[in-house]
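Just below is one structure, and these are the notes that go with it.
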Amino acid sequence: MSFTKTTEQASKYEQLEKMSVHELLTNINREDQTVPLAVQKALPQIENLVAAVVEKMKLGGRLFYIGAGTSGRLGIVDASECPPTFGVAFDLVNGIIAGGDQAIRRAVENAEDSTTQAWLDLQEHHIDHNDVVIGIAASGTTPYVIGGLEMCHQKNIVTGGITCNAGSPLALTAKFPIEVVVGPEFVTGSSRMKAGTAQKLVLNMISTATMIQLGKVKGNKMVDMQLSNNKLVDRGVKMIMDEIAVAYEEASALLQEHGSVRKAVDAFNEKQ
């Protein structure tokens, strides 16, 4: 199959080493501003995938991200933020990277080239037909990711894909593909830049919209967030004050007693 890897095309900018710091930053920023517009064009695709994820999670399913390199790391970041932000179980959203956890910090040679390892990694989580697997690959050609999705199809597992090249093997493999075409990078081929930013924006949308649909946000507040530091405890106390109009000290006592904003507010209202 032949398709154009726009993520690998030559940068529109020449002789970067001769640019001043101001010129470098200005030009990088100019390119970055095009990313949200590329994401906007993919909103219908993102919506379809989110709907599928929500449907499966309501049946008790989980979400898995699989990727290599930057793409794998971005999936891990998004997954790891879901428990503290929305108070969900640590295994509800999972990030898996080619090469294992050691690849989070350092590249593992040839890890992305295996067509069978992703499925082996997913099996460690006892994956089944209620789960959703989203493959992330800027190029849309990563064997680790594509091989994983192909095995998911054989097992009747819903798949999505996030890529920055149109018509890629990943987009053709995923049941719910998302194509955010950001064009050539400022530094030729450095897909950690615009492509990475695009993937991060899409992942933010998927997890946030899904959690809101599952009732993990009330109004615009993270009422189920984990109270893991003083800043978040203070935020939680103020959320309670806004919701039930009590003084800071009473809100703090309620939060300490019940452990979450939602539980504190519900307990207070039940007594009224």
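The values are calculated or read from the model by the stated rules, or taken from the named source; none is laboratory data. The model shown is predicted, which means the values in this text are computed figures rather than measured ones. Cβ atoms come from the backbone with ideal geometry, glycine included; neighbour counts cover every protein chain shown. Just the protein is used for accessible areas: all its heavy atoms, side chains included, with ligands, DNA and RNA removed. Shrake-Rupley method; radii C 1.70, N 1.55, O 1.52, S 1.80 Å.
Per-peptide packing, taken as the mean over residues of other Cβ atoms within 10 Å, places 46-52, 14-20, 260-266 in the sequence 260-266, 46-52, 14-20 from highest down. Karplus-derived 3J(HN,Hα) values for the range 139-147, using 6.51 cos²θ - 1.76 cosθ + 1.60 with θ = phi - 60°, are 6, x, 10, 4, x, 3, 6, 5, x Hz; glycine and proline are entered as x. Pairs with C-alpha atoms separated by more than 21 Å, drawn from the list LYS221/LYS263; LYS58/LYS216; LYS56/LYS175; LYS56/LYS155; LYS12/LYS200, are LYS12/LYS200. In this structure, the amide hydrogen of GLY140, modeled 1.01 Å from its nitrogen in the peptide plane, lies closer than 5 angstrom to those of CYS164, counting only residues at least 5 positions away or on a different chain.
Summing Cβ point charges (Lys, Arg +1; Asp, Glu -1) relative to the Cα centre of the range 135-262 gives a dipole of roughly 300 debye.
Think of each Lys and Arg Cβ as +1 and each Asp and Glu Cβ as -1; about the Cα centre, that makes the dipole of the range 76-131 roughly 180 debye.
Taking every eigenvalue of the Cα gyration tensor of the chain, multiplying by 5 and rooting it, what semi-axes result, largest first, whole Å?
37, 24, 16
Across the range 1-109, Cα pairs under 8 Å and at least six residues apart give a relative contact order of 19 percent.
Distances between every pair of Cα atoms in the range 142-272, grouped in 10 Å steps from 0 to the bin holding the largest one, split as 11, 27, 20, 18, 18, 6, 0 percent.
Bridges between two residues of the chain, per DSSP, are antiparallel at a rate of about 5%.
Here, the range 19-100 is characterised by an Rg to Rh ratio of 1.11, where Rg is the alpha-carbon radius of gyration and Rh the Kirkwood radius. If you roll a 1.4 angstrom probe over the protein chains with everything in place, what fraction of the accessible area of the range 92-205 belongs to carbon and sulfur, to the nearest %? Taking all protein chains in place, the range 92-205 shows 48 percent carbon and sulfur surface.
Assuming charge only on the beta carbon of Lys and Arg (+1) and of Asp and Glu (-1), the dipole of the range 108-172 about its Cα centre is about 240 debye to the nearest 20. Evaluated over the Cα positions of the range 1-156, the convex hull gives a direction-averaged projected area, one quarter of its surface, of 11.9 nm². Selection among SER80, ALA107, THR7 by position relative to the dipole of the range 1-118 gives SER80 as farthest towards the positive end (Cβ unit charges, Cα centre). Going by Cα centres, the range 1-64 and the range 239-272 are how many Å apart? The two parts, judged by their Cα centres, are 41 Å apart. Taking the charge dipole of the chain about its Cα centre, with +1 at Lys and Arg Cβ atoms and -1 at Asp and Glu Cβ atoms, the residue from GLY60, ASN230, LEU24 reaching farthest to the positive side is LEU24. The GluC sites (Glu not before Pro) of the range 80-170 meeting both criteria, a DSSP state outside H, G, I, E and B (loop) and at most 11 other C-beta atoms within 10 angstrom of the site's C-beta, are GLU109, GLU124.
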